[in-house]
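Reviewing the structure listed below.
What follows is calculated from the coordinates using simple rules that are stated; it is not laboratory data. These numbers were taken from a predicted model, which means no experiment stands behind them. In this analysis, Cβ positions are derived from the backbone assuming ideal geometry, glycine residues included, and neighbour counts consider all displayed protein chains.
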Amino acid sequence: MRRKLIILSVLFALVSSLSLKAQYAPQDTTYRKCFIGSTFFMLGNFSESNNPEFVQLNLGYRLTGKDVVSLELKTWKYAWPLGISPLNSAFEAPEEEFPGYIREYGFALVYQRFWWKGLYTSVHVMNAWQSFMDENENKIDNGFQIFNTYRLGYHIKLFKDRWFIEPSIAVTHRPFHTEMPESFKQVDDKWSKFNAEPGLHFGFNF
């Protein structure tokens, strides 16, 4: 399901790019300085298998027409290492699965910079508190990690700048995490601390 959702996001981003000029106003409107939003990846919660129970809420403030800061509140769970690319044959392979799963709760501080029309880059620094759960839903340990995302995307205004969507591509990086339980560590250590993924955020300006 997650792989299908990623492919769908990429196709949506390509289709959206065909009408960017029609949807993006020539002037930079800054009077709606606040926004609330999330990501379409929450659609993965409709999956009957490997449901990530993913929730994300974005709260943002436009300092200027080009500079934006925001707070992302997140929770999700995952049963495979984050370093496995969706294009890799090992993605969600049974032999690469953790002996349980990791539940995370955290928040990310985000700085977003617009460069040309809707083209932007952003840095997301997420602090995540982890619970390591075994196959019987028992917690066996706690942990913490810093999970960074470096994003390149395009902001598309909709409905007179009331709504927006932001298709993007990103590189994720785990620069720090506490020691995992040994059974999880053996699986995770085989994979990179970097990965690449598409993104598809949406929001409401007010």
Sort the range 80-150 into rounded, prolate or oblate with this rule: let a ≥ b ≥ c be the square roots of the eigenvalues of the Cα gyration tensor; rounded if a/c is under 1.5, and if a/c is not under 1.5, prolate when a/b is larger than b/c, oblate otherwise. oblate
Give the lysines reachable from residue 157 as a straight Cα distance under 29 Å; neighbours fewer than 8 places away on the same chain don't count. 4, 21, 33, 66, 74, 117
Please give the peptides 43-51, 198-206 ranked by average Cβ packing (other Cβ atoms within 10 Å per residue), highest first, as a rough proxy for protection. 198-206, 43-51
Quick one: which of 53-66, 117-130 comes out on top by average Cβ neighbours within 10 Å, and what's the full order, highest first? 117-130, 53-66
Put +1 on the Cβ of each Lys and Arg and -1 on the Cβ of each Asp and Glu in the range 47-94; which of 73, 86, 61 then has its Cα farthest toward the positive end of the dipole? 61
